[in-house]
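These notes are about the structure you will find just below.
The values are calculated or read from the model by the stated rules, or taken from the named source; none is laboratory data. Treat the numbers as computed from the prediction; the structure is a model and nothing was measured. Positions of Cβ are generated from backbone atoms using ideal geometry, with glycine treated the same way; all protein chains shown enter the neighbour counts.
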Amino acid sequence: MNRLETKYLGLSLKSPVVPSSSPLTRDLDVVRRMEDYGASAIILPSLFEEQIQQEEQQLARFLHSQELGHAEASSFMPIPDDYNSALDNYLDCLSTMKSSLGIPVIASLNGITDEGWIEHAKELELQGADALELNIYYVAANAQESSQQVEARYLRIIKQLKDEVNIPLTVKLPSQLTSVAHFAAQVKDCGASGLSLFNRFYQPDVDISTLNIKPVVKLSQSHESLLRIRWVAILRSQLDIDLAVTGGIHHSDDMAKALLAGADVTHMCSSLLINGTKQITTVLEDFVRWMDEKEYQSVQELKGSLCQKHAIDPSAYERANYLEVLDSYTPPEGVLF
Ligand SMILES: Cc1cc2nc3c(=O)[nH]c(=O)nc-3n(C[C@H](O)[C@H](O)[C@H](O)COP(=O)(O)O)c2cc1C
């Protein structure tokens with residue numbers, strides 16, 4: 001048996017490394033290389049609700065103008081034969097990946113409303129997606145909208161999506177929830193088979209020379225995995241659901257910690273963009289060396305052995321050591337004078 005084998009979303013995967021949605025997973029040559037380097041599945045970049053809705057509006061406008069016979073106006077509209085929508089492009093990409101790769105392909109949808117776009121999930125399933133990841137990238141900025149309303153909308157989307165498809169669904173959760181564990185349980189009750197912890201929100205920056213606000217993509221660092229690892233350890237002890245860590249997995253140590261805490265797989269993105277896709281092999285080789293050192297026979301054996309329930313001090317994942325941790329900090333010499 002392959003020592004690195006793991007199970008995620010009902011799929012048998014040859015290793016715990018899954019490259020997550022990014023421009024890297026859009027390019028067939030790059031993805032083929034990642035497969036050779038040891039990636040066990042890939043998650044395509046997201047298809048966005050806005051893309052689907054924009055096309056539906058354009059098509060509706062086109063059909064309307066045809067009905068009215070406004071030949072001049074319709075000349076501004078896309079011609080159906082040439083009409084290659086973002087959804088069509090996405091389906092083409094999915095189909096190419098499916099026919100060219102030996103590893104599972106997970107499609108990704110990104111949206112925040114429970115409107116018509118969700119129906120298109122069925123097409124992803126028909127095109128052969130092995131599973132679906134839903135990313136609800138929503139900044140709850142409305143002072144009139146309660147956390148219950150925000151969460152209820154998330155759950156409606158998940159339920160509707162689950163009604164559309166029969167393939168396994170995983171949800172990329174935000175970490176900014178009042179009760180992560182309670183919400184995770186509700187997501188499971190809506191039919192999700194997995195959770196990806198956590199969505200990484202990009203922070204707008206203030207340009208102090210132009211006084212503009214500009215969105216910036218900053219790649220992650222290893223320490224960001226710790227937030228995810230804490231929650232994986234807590235959720236693994238309470239919920240029977242598949243868990244992926246996304247955010248801050250750069251080295252084999254990060255992967256080992258996530259799996260010990262109870263993750264089924266680790267997603268990689270920033271590290272591959274920084275170091276190149278061969279980093280997958282480096283991480284896996286270092287990880288196997290560590291397994292040998294610790295005498296672990298398989299990923300299956302070590303998975304979850306340090307989840308909250310099994311940890312020597314379960315309270316370490318919560319508040320218990322807070323005071324101790326703060327007290328243990330010693331400022332560098334000279335700082336206090
Ligand atoms: C350039 C770029 C594009 C991304 N595109 C998507 C996307 O389309 N959908 C999505 O769910 N996440 C997307 N992500 C988020 C990553 O999949 C990943 O969850 C996040 O970067 C945290 O993982 P990391 O620390 O390994 O980078 C993107 C990230 C980057 C850097």
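Summary of computed values
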{"item": "Qualifying residue in the stretch 272-290 (condition: in contact with a Gly (Cβ under 6 Å, 6 or more places away or on another chain) and within 16 Å of the ligand (Cβ to nearest atom))", "result": "yes"}
{"item": "Residue satisfying all of: in the stretch 101-120; buried (at least 16 other Cβ atoms within 10 Å of the Cβ) and at pLDDT below 95; nearest to the ligand (Cβ to nearest atom) among these", "result": "Asn110"}
{"item": "Residue match in the stretch 130-142 (condition: more than 16 Å from the ligand (Cβ to nearest atom), out of contact with any Pro (no Cβ under 7 Å at 6 or more places or on another chain) and not small (Gly, Ala, Ser))", "result": "yes"}
{"item": "Flag if Leu44 is on the phi > 0 side of the Ramachandran plot and within 16 Å of the ligand (Cβ to nearest atom)", "result": "no"}
{"item": "Selection count where residues are at pLDDT 95 or above, surrounded by fewer than 22 Cβ atoms within 10 Å (Cβ to Cβ) and more than 13 Å from the ligand (Cβ to nearest atom), scope the stretch 1-26", "result": "8"}
{"item": "Complete set of residues in the stretch 1-30 that are touching a strand residue (DSSP E or B) at 6+ places or on another chain (Cβ under 9 Å) and charged (D, E, K, R)", "result": "Glu5, Lys7, Lys14, Arg26"}
{"item": "Identity of the residue in the stretch 145-159, without any contact (Cβ under 8 Å) to a residue 40 or more places away in the chain and of a type in the set (A, V, I, L, M, F, W, C), that ends up farthest from Leu177 (Cα to Cα)", "result": "Ile158"}
{"item": "Residues being in a loop (DSSP other than H, G, I, E, B) and either away from the ligand (no atom under 15 Å from the Cβ) or free of Cβ contacts under 8 Å to residues at least 40 places away in the same chain (or both) - total across the stretch 235-271", "result": "11"}
{"item": "Count of residues meeting criterion [in a strand (DSSP E or B) and either touching a Phe, Trp or Tyr at 6+ places or on another chain (Cβ under 9 Å) or not hydrophobic (A, V, I, L, M, F, W, C) (or both)] in the stretch 107-133", "result": "6"}
{"item": "Pair list, Cβ < 9 Å and 6+ apart or interchain, from the stretch 210-224 residues that are over 17 Å from Met268 (Cβ atoms) to residues that are of a type in the set (A, V, I, L, M)", "result": "Asn212/Val206; Ile213/Val206; Lys214/Val206"}
{"item": "Some residue of the stretch 178-188 being free of Cβ contacts under 8 Å to residues at least 24 places away in the same chain and under 21 Å from Glu119 (Cα atoms)", "result": "no"}
{"item": "Failed criterion for Asn199 (all others in (1) touching a Pro at 6+ places or on another chain (Cβ under 8 Å); (2) surrounded by fewer than 17 Cβ atoms within 10 Å (Cβ to Cβ) hold)", "result": "(2)"}
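Each row is one residue, and each column tells you yes or no for (1) basic (Lys, Arg); (2) at pLDDT 95 or above; (3) more than 13 Å from the ligand (Cβ to nearest atom).
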| site | (1), (2), (3) |
| --- | --- |
| Leu197 | no, yes, no |
| Val216 | no, no, no |
| Leu227 | no, yes, no |
| Ala233 | no, yes, yes |
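Let's see how each residue does on (1) under 14 Å from Ser46 (Cα atoms); (2) small (Gly, Ala, Ser); (3) more than 20 Å from the chain's Cα centre (by Cα):
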residue	(1), (2), (3)
Leu91	yes, no, no
Leu94	yes, no, no
Gly111	yes, yes, no
Ala121	yes, yes, no
Ser146	no, yes, yes
